[in-house]
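Structure first, then comments.
The values are calculated or read from the model by the stated rules, or taken from the named source; none is laboratory data. Just so you know, these numbers come straight off a predicted model, no measurement behind them. Ideal geometry is used to build each Cβ from the backbone, glycine not excepted, and the neighbour counts take in all protein chains shown. All accessible areas refer to the heavy atoms of the entire protein, side chains included, with ligands and DNA or RNA removed. Shrake-Rupley method; radii C 1.70, N 1.55, O 1.52, S 1.80 Å.
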Amino acid sequence: MPGQWKCEEDILCGVNEPKDRESLTDLEKKHIPVVEAPDKVRKDESFQVKVEVGKLHPHPNEAAHFIEWIELYCGDTYLGRASYSGGASFPEATFKVKLSHAHGPLKAWEKCNIHGLWENTKEITVE
Ligand SMILES: [Fe+2]
């Protein structure tokens, strides 16, 4: 269950998710990974999933404050990772994915070197 082990007041504990998706704070907008993918895909046919951090509100991209990596999962099944150095690389990634069945929603995690781990999901149907 997402957020199961989250300490409410400690941003570096557990996985951060928006408290109210209808009213995001600037901190949440800077860190929520935006997941773009089809709503429905065909079994065993490849498709693209784009994950972008800072799309809702720009996140700093400098040596002292940057997005370290983005990971993509389907449910709890690991699909891939992209890493960034800050400054010269931008925290967005496009993954080519093929699913034989739905393991759960697509799930992106991103890690900010200062503000910890953040999650977003997108429902997907495999037919
Ligand atoms: Fe940050």
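Separation of region 1-70 and region 73-114, taken as the distance between their Cα centroids, equals 10 angstrom. What a 1.4 Å probe finds exposed on region 17-126 is 47% carbon and sulfur by accessible area, rounded to a whole percent. Just flag the GluC sites (Glu not before Pro) in region 4-44 sitting in loop per DSSP whose Cβ has no more than 13 other Cβ atoms within 10 Å. Here the GluC sites (Glu not before Pro) that fit, given the DSSP loop and packing criteria, are Glu8, Glu9, Glu22. Ordered by 1.4 Å accessible area with all protein chains kept, Ile32, Ile11 run largest first as Ile11, Ile32.
Of Lys19/Lys43; Lys6/Lys40; Lys6/Lys43; Lys6/Lys122, which ones are farther than 23 Å apart at the Cα? Don't skip to the answer; put the middle values down first.
Working: Lys19/Lys43 34 Å; Lys6/Lys40 31 Å; Lys6/Lys43 34 Å; Lys6/Lys122 21 Å.
The answer is Lys19/Lys43; Lys6/Lys40; Lys6/Lys43.
Accessible area per residue was computed with a 1.4 Å probe on protein heavy atoms; Phe66 scores about 30 Å². Put Glu68, Glu127 in order of accessible area, highest first, and with a 1.4 Å probe you get Glu127, Glu68.
How big is the Rg/Rh ratio for region 17-126, C-alpha atoms only, Rh by Kirkwood, two decimals? Mind showing how you got there, number by number?
Details: Rg = 14.0 Å, Rh = 14.2 Å.
Rounded to two decimals, Rg over Rh is 0.98.
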